[in-house]
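Engineer: Sending over a structure as structure tokens; questions will come in a sec.
The values are calculated or read from the model by the stated rules, or taken from the named source; none is laboratory data. Because the structure is a prediction, the values reported are computed rather than measured. We place every Cβ from the backbone using ideal geometry, glycine too, and count neighbours over all the protein chains shown. Ligands, DNA and RNA are stripped out before the accessible areas are found, and what is left, the full protein with its side chains, is counted by its heavy atoms. Shrake-Rupley method; radii C 1.70, N 1.55, O 1.52, S 1.80 Å.
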Amino acid sequence: MDWEKYLTAEQFYNNFVADDRFVKYILGGLKTTLIITLFAVLLGIFLGFLVGTVRSTYERTGKLVVLNAVCRVYLSVIRGTPVAVQLMIMYFFIFAAPGSSKLLSAILAFGINSGAYVAEIFRSGIMSIDNGQFEAGRSLGFNYAQTVWYIILPQAFKNVLPALCNEFIALLKETSVSGFIALQDLTRGADVIRSRTYNPVLPLFTVALVYWMIVTFLTYMVGKLETRLRKNEKR
């Protein structure tokens, strides 16, 4: 490939300046990507917390048999199918009515997908807490639900927080398949520019750089968080 012809000043102008393409497609796509990620994260935490709590309660006490069975089906289906397929099912089948929101479909699809992985993170965090903590709760007069809420979950959440952050970093990158439903996220924006300028280098490498910068920053913050948690454990 002749790289030089793609890296001229004229090509830069055509890809980013002409028709305000950088603002319209790169920055606009970045905004969409961040919106999807933020709300999908919140939905994933909510679903993951509920499913993880049900699963761990069943494993600890043998209760919630029906709910546990439902959760197992949810986990099996969501973890066993590609997120791109789930996204298309959400938009083209579940939200098949004319005028359906692509953004809402993406948030729900990615949130439900993330929830399945967050659920296992929460479940493993709860199950990692020693049984002595449950006995301590009972000695204080708490029932099982109160023990979990006041004693177990604060410890479990602290243990799984780094894993949760890494899951959300992965979710940010997974949203790059939003273009399957013609939603103009960051990746789709770069592809639109490429299709109009016939330059695959500048727009795609620019988007790769944006993703890398965001992920690097988030990874750095996760590292700082893990360091702080380790310091708190030593006190």
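Quick grid of which residues meet (1) loosely packed, with under 14 Cβ neighbours inside 10 Å; (2) touching a residue at least 24 places away in the same chain (Cβ under 8 Å); (3) under 21 Å from residue 27 (Cβ atoms); (4) touching a strand residue (DSSP E or B) at 6+ places or on another chain (Cβ under 6 Å):
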| site | (1), (2), (3), (4) |
| --- | --- |
| 130 | yes, no, no, no |
| 137 | no, no, no, no |
| 151 | no, no, no, no |
| 157 | no, yes, no, no |
| 167 | no, yes, no, no |
| 176 | no, yes, yes, no |
| 200 | no, yes, yes, no |
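Engineer: OK, next. For a quick check of your reading: which helices (runs of 4 or more DSSP H) sit entirely within the range 1-95 and have at least 3 residues that are in contact with a helix residue (DSSP H, G or I) (Cβ under 6 Å, 6 or more places away or on another chain)?
Structural biologist: Per the criteria, 28-61, 65-79, 83-89.
Engineer: Among the residues of the range 26-76, which ones are among the small types (Gly, Ala, Ser) and free of Cβ contacts under 8 Å to residues at least 12 places away in the same chain?
Structural biologist: If the condition is that a residue be among the small types (Gly, Ala, Ser) and free of Cβ contacts under 8 Å to residues at least 12 places away in the same chain, then 62, 69, 76 are the ones that fit.
Engineer: Could you please give the count of residues in the range 184-198 that are closer than 30 Å to residue 115 by Cβ and open to solvent by 20 Å² or more (accessible area, probe 1.4 Å)?
Structural biologist: 4
Engineer: Return the residues of the range 202-226 that are touching a helix residue (DSSP H, G or I) at 6+ places or on another chain (Cβ under 8 Å) and either charged (D, E, K, R) or open to solvent by less than 50 Å² (accessible area, probe 1.4 Å) (or both); say none if nothing qualifies.
Structural biologist: The answer is 202, 203, 206, 207, 210, 211, 214, 215, 222, 225, 226.
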